[in-house]
Amino acid sequence: LFRADEFLNRILTLYNSMAKKAAMEIVVSVKNPDIEIFADQNLISMVLLNLLKNAMEANENNQVALISIVAGKGVNGHPEICVIDNGPGIEENMLDQIFIPFFTTRKNGSGIGLSISKQIMRIHGGNLKVKSVPGKETKFCLSF
């Protein structure tokens with residue numbers, strides 16, 4: 001059991017050590033400061049860092065890149081952490097494929113990050129969902 005706010009502060013520190021471009025802004029928002037998550041912190045860290053890395057890569061040509069991590073309660077009242085970016089988005093016909101092992105749209109991508117991330121969430125009894133509006137935003141949510 002761990003507090004979402006403390007956890008996200010550690011993730012932000014790790015992210016800042018990964019970020020190579022000062023133009024990329026990240027915002028962390030915890031809607032309910034007392035939210036606690038029952039999960040393996042190391043595995044959930046891997047999932048979030050993978051999502052942040054993906055968001056950074058998707059926004060590498062975005063002059064006004066913004067990545068947000070928002071923690072709160074989902075529609076079911078359970079804890080949820082979302083990573084949202086204002087990059088190019090994912091076309092609707094690709095949304096079902098991005099979680100398939102070894103599927104990638106990147107030249108140097110392996111296609112295993114999102115697949116493993118989804119499996120990590122499943123073993124925690126949760127889910128990893130995606131919504132995207134091409135040209136506007138992409139939102140990945142970890143539901144616990």
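In segment 101-117, which residues are within 17 Å of the chain's Cα centre (by Cα) and either among the basic types (Lys, Arg) or modelled with pLDDT of 85 or more (or both)? Within segment 101-117, Ile112, Gly113, Leu114, Ser115, Ile116, Ser117 meet the criteria.
Taking the conditions exactly as written (in a helix (DSSP H, G or I), under 24 Å from Asp5 (Cα atoms), within 15 Å of the chain's Cα centre (by Cα) and at pLDDT 95 or above), does Ile44 satisfy them or not? If you could, list the steps in order and put the result at the bottom.
Numbers: in a helix (DSSP H, G or I): yes; under 24 Å from Asp5 (Cα atoms): yes; within 15 Å of the chain's Cα centre (by Cα): yes; at pLDDT 95 or above: yes.
So Ile44 fits the description; yes.
One residue is enough: does segment 57-72 have a residue meeting the conditions open to solvent by 70 Å² or more (accessible area, probe 1.4 Å) and at pLDDT 90 or above? No - not one qualifying residue is present in segment 57-72.
Only one entry in Glu36, Glu80 is touching a Lys or Arg at 6+ places or on another chain (Cβ under 6 Å) and either of a type in the set (D, E, K, R) or in contact (Cβ under 8 Å) with a residue 60 or more places away in the chain (or both), namely Glu36.
Only a single item in (1) touching a residue at least 24 places away in the same chain (Cβ under 8 Å); (2) surrounded by 14 or more Cβ atoms within 10 Å (Cβ to Cβ) is not met by Lys129, and it is number (1).
In summary, Glu60 fulfils each of the numbered conditions (1) acidic (Asp, Glu); (2) touching a residue at least 40 places away in the same chain (Cβ under 8 Å); (3) part of a loop (DSSP other than H, G, I, E, B) with the single exception of condition (2).
What residue, among those in segment 83-104 that are in a strand (DSSP E or B) and hydrophobic (A, V, I, L, M, F, W, C), is nearest to Thr138 (Cα to Cα)? Only one residue fits best here, namely Ile84. State whether one or more residues within segment 110-121 are open to solvent by 40 Å² or more (accessible area, probe 1.4 Å), of a type in the set (D, E, K, R) and either closer than 30 Å to Asp34 by Cβ or out of contact with any helix residue (DSSP H, G or I) (no Cβ under 9 Å at 6 or more places or on another chain) (or both). No, segment 110-121 contains no residue that is open to solvent by 40 Å² or more (accessible area, probe 1.4 Å), of a type in the set (D, E, K, R) and either closer than 30 Å to Asp34 by Cβ or out of contact with any helix residue (DSSP H, G or I) (no Cβ under 9 Å at 6 or more places or on another chain) (or both). Looking at Asn50, is it in contact with a helix residue (DSSP H, G or I) (Cβ under 6 Å, 6 or more places away or on another chain), open to solvent by less than 40 Å² (accessible area, probe 1.4 Å) and farther than 20 Å from Val30 by Cβ? Criteria met by Asn50.
The values are calculated or read from the model by the stated rules, or taken from the named source; none is laboratory data. No experiment lies behind these values; they were computed from the predicted model shown. Backbone-built Cβ (ideal geometry, glycine too); neighbour counts: all protein chains shown. For the accessible areas, the whole protein counts, side chains as well, though only heavy atoms, and no ligand, DNA or RNA atoms are used. Shrake-Rupley method; radii C 1.70, N 1.55, O 1.52, S 1.80 Å.
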